[in-house]
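The values are calculated or read from the model by the stated rules, or taken from the named source; none is laboratory data. Model, not experiment: these values are computed from the prediction. With ideal geometry, Cβ positions are generated from the backbone for all residues, glycine too; neighbour counts draw on all protein chains shown. Heavy atoms of the whole protein, side chains included, go into the accessibility calculation; ligands, DNA and RNA do not. Shrake-Rupley method; radii C 1.70, N 1.55, O 1.52, S 1.80 Å.
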Amino acid sequence: TRGRKVVEEFITLEQFIIDQQERFPHSTGAFSRLLRDISVAAKIVNRDIRRAGLVDIFGTTGKVNIHGEVQQKLDALAHEEFVRALRRGGECCLIGSEEHAEAIPLSANGEGDGRYIVLLDPLDGSSNVDVNVSVGTIFSIYRLPDEYETPTLEAALQPGSKQVAAGYIVYGSSTMLVYTTGNGVNGFTLDPSIGEFILSHPNIRIPKTGSIYSINEGNFNSFEEGLKRFIRWAQEEDKATGRPFSTRYIGSFVSDFHRNLLKGGIYMYPATKKNPEGKLRLMYEANPMAFIVEQAGGRASDGHRRILDIVPEKLHQRTPLFIGSEELVRTVEEFLQGKR
Ligand code: AHG
Ligand code: MN
Ligand code: MN
Ligand code: MN
């Protein structure tokens, strides 16, 4: 939008990507094409999800994925759509997906193999998909380091601070795509009548604090002491700090995250008895959202370390996650570190 006289009343994602590309004069356009490939897959998955009640794609595949989760048909379908779009686009050389145990090298098609790695949660919140509650897709993009001729899993296991882009799609009351390339966070709303994502939320900033907390309180008894104290603190009456907070937790991380990004708040998935390392996966849930939240002025940690500094060891490793408004994340860290 630099220098562009705003003649039309809207900017499409395609135009926005091209405008952004112009900031990098020597860019080949490969990254722009990769983002476009992802947005095409998002429109296809959106179409499938909007039809889910009408065609036989509710329910489970009968399979259990590597996480021991019953795989929903839409988990598998979203996975296939994104893999197909990325393979067709040719800019991606390796995919790491929640729904596939191993990293997936996209066939070396000889000429100019893709130099980008995409980590993917094809369908987030899939336990909700049969009950018509919003679900999402989360993606994280790294460059294949120059020293690699061909992509390997270790090339994908880079700390979140090395991401070149991260984003999510939320299939909610409207379908939105929100992403960052390290120059702030922008949100686009799909106009189904023309099949285009339109810039609707330029330069998203998360409020420095908020009065919403998102956590599955069913696990309260297995929370560590500091977290129990934070939750009790959140429920005390104190008008000056907007307490008692409201609790909002719908069981789709993308939706809970998106609401807190716009309104202010904190999402927490701590270590629990059932998930001693936390439940969310570092590579395709915590890292991409941590990049986005920091670019919007927020904070993301595992209670002690910045998420983006964690050096990954496994594709599907989990991490405790505290993410959202900077002051709220700092406050829960103080409780967890015994400073309050
Ligand atoms: P996914 O559907 O990709 O496996 O992710 C589900 C995650 C996250 O979306 C959600 O916030 C969380 O699981 C809910 O977990 P609980 O049901 O244990 O609260
Ligand atoms: Mn899952
Ligand atoms: Mn998920
Ligand atoms: Mn998922």
- Select the strands (runs of 3 or more DSSP E) contained entirely in segment 250-340, then report the ones holding at least 3 residues which are hydrophobic (A, V, I, L, M, F, W, C). 321-324
- Query: What residue, of Ile38, Ile44, is among the aliphatic types (A, V, I, L, M), within 24 Å of Gly172 (Cβ to Cβ) and crowded, with 18+ Cβ neighbours inside 10 Å?
  - Reply: Ile38
- Kindly provide the set of residues from segment 91-115 that are open to solvent by 20 Å² or more (accessible area, probe 1.4 Å) and away from ligand 4 (no atom under 16 Å from the Cβ), ordered by number. Glu91, Glu102, Ala103, Pro105, Ser107, Ala108, Asn109, Gly110, Glu111, Gly112, Asp113, Arg115
- Search segment 313-340 for residues that are more than 20 Å from Arg232 (Cα to Cα) and pair each with any residue that is open to solvent by 40 Å² or more (accessible area, probe 1.4 Å) and not hydrophobic (A, V, I, L, M, F, W, C) when their beta-carbon atoms are under 8 Å apart and the residues are at least 6 apart or on different chains. Leu315/Glu102; Gln317/Glu277; Arg318/Glu277; Arg318/Lys279; Thr319/Glu277
- Query: Which members of segment 272-286 meet the condition of being open to solvent by less than 30 Å² (accessible area, probe 1.4 Å) and more than 13 Å from the chain's Cα centre (by Cα)?
  - Reply: Thr272, Asn275, Gly278
- Task: Could you look through segment 239-271, keep only residues that are under 20 Å from Glu294 (Cα atoms) and among the charged types (D, E, K, R), and pick out the one that is surrounded by the most Cβ atoms within 10 Å (Cβ to Cβ)?
- Result: Asp256
- Query: From the list Glu217, Glu154, which residue is loosely packed, with under 13 Cβ neighbours inside 10 Å, closer than 27 Å to Gly278 by Cβ and touching a Ser or Thr at 6+ places or on another chain (Cβ under 9 Å)?
  - Reply: Glu217
